[in-house]
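Visitor: If you scroll down you'll find the structure; I have some questions about it.
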Amino acid sequence: MPRSNRPRRRRRAAEHDDGDLSRLLSGWKRSEVRRGVTWNIQPVSAARALKEYICPGCGGVVEPGNPHLVAWRADGVLGDSADLAARRHWHSHCWSIS
């Protein structure tokens, strides 16, 4: 079979939109309903976990560099800004068993 001398196109990672890449690295925000309350959940990757927090599920420390979740109410009566100010950082396991 004869060889093709046509150059082949290769897709490079740099061709992808940087906004999509940063979205993948930071995680996806989603909504969950727990015990009749709607919560906004934002995963935090290990690279973006820079501070220390107290997990409300176990009372333990969420160490810097550990992936975890941030949760806040989506349907609070005081408004979105108050709900966002009351957000809490949870260990992923503690959130899944709560």
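Visitor: First select every other residue whose beta carbon is under 15 angstrom from the beta carbon of GLY59; then total the charges, Lys and Arg +1, Asp and Glu -1.
Guide: Every neighbour counted, the sum reads -1.
Visitor: Grab every C-alpha pair in region 28-97, bin the distances at 5 angstrom width from 0 up to the longest one, and report whole percents.
Guide: The distribution over region 28-97 is 4, 18, 26, 27, 17, 8, 1, given as percents.
Every number in this text was worked out from the coordinates using simple rules, so none of it is lab data. Small disclaimer: the values here were computed from a predicted structure and weren't measured. Note that each Cβ is placed from the backbone with ideal geometry, even for glycine, and that neighbours are counted across all protein chains shown.
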